[in-house]
Each structure stands twice: as structure tokens, then as C-alpha cells.
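Trainee: Pasting a structure here, questions to come.
Read the figures in this text as sums done on the coordinates, not as results from a lab. No experiment lies behind these values; they were computed from the predicted model shown. Neighbour counts run over all protein chains shown; Cβ positions are idealised from the backbone, glycine included.
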Amino acid sequence: MLDFLKEKGVKVVATTHYSKLKEYALKSNDVLMASVQFDMEAMKPTFKYLEGIAGQSYAFEIAARFNLGGIVYKFGTMIETPRAALQADKMARVAEFFSFGTNDLTQTTLALSRDAVAMRPGDAEVARNPRARSAVLRIAERTGGSAEHAGGSGRETACSG
């Protein structure tokens, strides 16, 4: 994606902890990498600009300093499209939780405009139609069922949007 944007002459500022992006910056002559210094003693950023140096996350060090103990991370996925819902059984093999992005799932399921500033003619009627709304609920229900079948019960499920 960054190469595509560079070819189009787009200037990009990206912030990340993603190692692959840091590697990309190191290997690319026309990419500037920088970070902001963090003072571990004071437990705060110094805001000193460090050009050419990749930043690092101090989350584990900070957690240890404040005796937060073993931080438990869970691996999950966001279900925002019908295609993602159809792949739930595969994702359930590794995901500990599912979160349904209900705004996106509704828009993609009902083929409502995502790019228009205002709704297209007919979008409101579709969105208010009980049959259309139930289609989204059926997708969520089936997703949960196929996930349980593939990965066992007890998986956390949440909604956002």
C-alpha cells in the first residue's frame, strides 16, 4: 500500500508498532523513520525527536513497574462483512472472541452506501425494513453457531457500532 501511495506522489505519515513497517522504512531510501524518546525512569515521553531510530513499545516494562502482573491478551476478530461471517468457522479455530461491527455489517449486508455523504434514495427504507434488519441478525446468529461448532462453546461475543 505504501509503495502504491508513493508512486501516486502521496505524502504519508504513519505511526505504528508493527515491525514489518519499521523494516520497510529501514530498507527504503525515500522513507524517513523517526520516533519520540521515552524516559523509563520518569515513565513519560521526553518528546525528543529521534530521526532514523525506530521507536519501541514499553508496555510490558511499564506493566512490570506498576506491578500489573501477567497481562492477559486475547486474540480475536472483528466481523464487519458477510464474507468475514462466512469465514467464522475458520477464524474460530484461533480466535478467542468475536466482535460484530454492526454498522459495517449492516451496510455491507444491505448494500447501503458507505461512501455517500447522504443516504441514497431508498437507503432509509431498506434500513427500516424489519426483514432487512433481521437479515443482519441472522448472519450474526449463524456466525456464532458456526464458530461454536468449529471451536467449541464459551467464546466471547461483543457488538460495536
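Trainee: How far apart, in nm, are two points set 7 Å out from the Cα along the Cα-to-Cβ line at Leu21 and at Glu7?
Mentor: Placing both labels 7 Å along Cα→Cβ, they lie 2.1 nm apart.
Trainee: In nanometres, what is the gap between the two model label sites at Thr81 and Gln37, each 7 Å from Cα along Cα-to-Cβ?
Mentor: Reported label-point gap for Thr81 and Gln37 is 4.4 nm.
Trainee: A further question on this structure: Could you sort out which of Lys8/Lys44; Lys8/Lys48; Lys27/Lys48; Lys8/Lys90 sit more than 30 Å apart by Cα distance in this structure?
Mentor: Lys8/Lys44; Lys8/Lys48; Lys8/Lys90
Trainee: Obtain the nm distance between the two label points defined at Val94 and Lys74 by a simple spin-label model: each point lies 7 Å from its Cα along the Cα-to-C-beta direction.
Mentor: Each label point is offset 7 Å from its Cα along the Cβ direction, giving 1.8 nm.
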